[in-house]
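J.: Sharing a structure with you now.
The values are calculated or read from the model by the stated rules, or taken from the named source; none is laboratory data. All values reported here derive from a predicted model rather than from experimental measurement. A quick note on method: Cβ atoms are made from the backbone with ideal geometry, for glycine too, and the neighbour counts reach across all protein chains shown. Just so you know, the surface numbers come from the protein's heavy atoms only, side chains and all, with ligands and any DNA or RNA stripped out. Shrake-Rupley method; radii C 1.70, N 1.55, O 1.52, S 1.80 Å.
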Amino acid sequence: MLQIPLSGIKKIEEVVNSSNEYISLSQGALKIGGIPAPIKQFVKTILDTTKTDSYGSSFGLRELRETIAQIQSARYNNTITPAQVLPTHGGIGALSLVFLNQLEAGDEVIIPEPAYPSYAILAQTARAKAVFVSCLKDSGLKSTTDNSNIMWEIDIDKIKAATTSKTKIIVFSNPTNPTGLVVPMSTILELLDWCEQKGIYLVVDEAYRDYFFDKSFESVLSIVGKSERLISISSFSKNMAMSGWRIGYLVAPENMIPSLSGIQDALLNCLNNTAQYAAMYAMTRPDLVQELAEKVQAGKIAAVACMQPLVDKGIFSFEVPKGGFFLFLKTDQKDATDLCISILNKAKVGMIPGSTFGPSGKPFIRLCFARDVEVIEAGIDRLKKYFL
């Protein structure tokens, strides 16, 4: 029997959602004013028609595929065709299709960690094995009490050493969840070369593509289609706050799309038509993404500033993220899970134990700053009262 445990993120969020006394700095949902009003207004006009009333294609809405291909080709100076694009049930739907399509029992998925826990859960769902490779630099953390020089990187030599004849997929997010690392294009290209040599798929999850805080980020949408071993994952959950509407997409080699669509048909029949029309409109409004990105940037600045007294006392330390939604807070604990639960129960602040994201995450706690500044300040004030 296949038994899949609820992820650590969902366990914490279940508690946080049980009462208004909690402040959620836990789940990586964009909670800054909700879905932009123009998208909601557009959806109201669609609902007055019959466009969303019937079953759709498991290939997704044709107009959405065309819109994604056209806009992303122009944005990233690449040639992406609608035949390479498959709308999916969120980013997790895209990942699920790829894992179910490519993995057989006993196959292996290399996951540079700390990482989004769904990667390992999906490998388990496909009866495959998750193989973790630490992203913590060997020189970056001398001991569990060393709060200096925390540094993260994707180490290609470690990945090569972990590769076996059973390795079928290497997967990571960029910018990364939970560390905020931005993976350089040079690293991605070197990994892609390795994957081509070994017949492995490189799956790059760019859910946080629009949330980076310097100019180092480069999207794989600029090179997708140039290799038969590269798959890009995208989501409207983060860039348009549409996590409740469940819509995303993947860009993959054209010859994979029919089989992925077949799996989508078997699992879902078709996608939510209303969400697809919303996504199509959202693609034409980069100004809305920019507004949300500016709010997340403000949240990051507020979180970093508010945490400084706790850093000064040696209670936490962190590497300032280059992208994404999170501070990954280093504690003096070998495993910070009990501390995280204590904060949840006593301070009523929800955060995620670092062990949720892999072995290297154990001494850490993840704090989400994709919130209104007032919420961040209130949550961290509670942390100060808990510790100081």
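J.: Here are several values of Cα Rg over 2.2 N^0.38 Å: [x] 1.14; [y] 1.07; [z] 0.96. Which one was derived from the coordinates shown?
T.: Only one option fits the structure, namely [z].
J.: If you don't mind, another one. Determine the share of the stretch 290-376's accessible area contributed by carbon and sulfur atoms, expressed in whole percent, with a 1.4 angstrom probe.
T.: 51 percent
J.: Still on this model: With the contact rule set at Cα under 8 Å and sequence spacing of 6 or more, what percent relative contact order holds for the chain?
T.: RCO, the chain: 25 percent.
J.: While we're on this one: Might you report the magnitude of the Cβ-based charge dipole of the chain about its Cα centre, with Lys and Arg at +1 and Asp and Glu at -1, to the nearest 20 debye?
T.: It works out to roughly 520 debye.
J.: Per 0.36 nm of contour for each residue apart, how much would the distance between Leu388 and Lys10 grow if the chain were fully extended, relative to their Cα-Cα spacing?
T.: 133.2 nm
J.: A further question on this structure: With all protein chains present, calculate the accessible area of Val131 using a 1.4 Å probe and round the result to the nearest 10 Å².
T.: Counting only protein heavy atoms, Val131 exposes about 30 Å² to solvent.
J.: Label Asn101 and Ala74 with points 7 Å out from Cα along Cα→Cβ: what is the distance between them in nm?
T.: 2.7 nm
J.: If you don't mind, there's one more thing I want to ask. With a length cut of 30 Å (Cα positions projected on each helix's long axis) and a Kyte-Doolittle mean of at least -1.0, go through the chain and give me the DSSP H helices that pass.
T.: Flagged H segments are 286-312.
J.: For the stretch 245-315, which trypsin sites (Lys or Arg not before Pro) are in a loop by DSSP, counting at most 14 other Cβ atoms within 10 Å?
T.: Lys313
J.: Continuing with the same structure: Relative to a virtual label point 7 Å from the Cα of Asp381 in the Cα→beta-carbon direction, which members of the stretch 290-320 show backbone nitrogen distances below 19 Å?
T.: Answer for this model: 299-311.
J.: Based on alpha-carbon centroids, what's the gap between the stretch 246-277 and the stretch 18-53 in Å, whole number please?
T.: Comparing the Cα centres of the stretch 246-277 and the stretch 18-53, I get a distance of 22 Å.
J.: Sticking with the crude label model, points 7 Å out along Cα→Cβ, report the distance from Ala83 to Glu291 in nm, one decimal please.
T.: Using points 7 Å along Cα→Cβ, the separation is 3.9 nm.
J.: Continuing with this model, one more query. Restricting to Cα pairs below 8 Å that are 6+ residues apart, what does the relative contact order work out to for the stretch 241-368? Please round to a whole percent.
T.: About 16 percent, as a whole number.
J.: Shifting gears a bit: With a 1.4 Å probe and all protein chains in place, put Glu108, Glu294 in order of accessible area, largest first.
T.: Of Glu108, Glu294, the descending order of accessible area is Glu294, Glu108.
J.: Turning to a different aspect of this structure: Expressed in nm to one decimal, what extension gain is obtained for the pair Ser165 and Glu319 from 0.36 nm per residue of sequence separation less their Cα-Cα distance?
T.: Between Ser165 and Glu319, full extension yields 51.9 nm more.
J.: Determine the order of Thr52, Thr284 by accessible area, beginning with the largest, at a probe radius of 1.4 Å.
T.: Thr284, Thr52
J.: Please work out the average accessible area per residue across the stretch 218-285, using the 1.4 Å probe convention, and give it in Å².
T.: Using a 1.4 Å probe on heavy atoms only, each residue of the stretch 218-285 averages 32 Å².
J.: Related question: Per the Kirkwood treatment, what hydrodynamic radius in Å, one decimal, follows for the stretch 168-230 from the mean inverse distance over all distinct Cα pairs?
T.: That comes to 12.0 Å for the stretch 168-230.
J.: Please give the solvent-accessible surface of Thr49 in Å², to the nearest 10, using a probe radius of 1.4 Å with every protein chain present.
T.: Here the residue's solvent-accessible area equals roughly 50 Å².
J.: Run the quick spin-label model on Val304 and Leu267: label points 7 Å from Cα toward the beta carbon, then report their separation in nm to one decimal.
T.: Placing both labels 7 Å along Cα→Cβ, they lie 3.6 nm apart.
J.: Follow-up. Could you tell me the accessible area of Ser186 in Å² (1.4 Å probe, neighbours in place), rounded to the nearest ten?
T.: Its accessible surface works out to 80 Å², give or take rounding.
J.: If you rank Tyr386, Tyr208, Tyr55 by how much accessible surface each has, with a 1.4 Å probe, what is the order from largest down?
T.: Largest to smallest exposure gives the sequence Tyr55, Tyr386, Tyr208.
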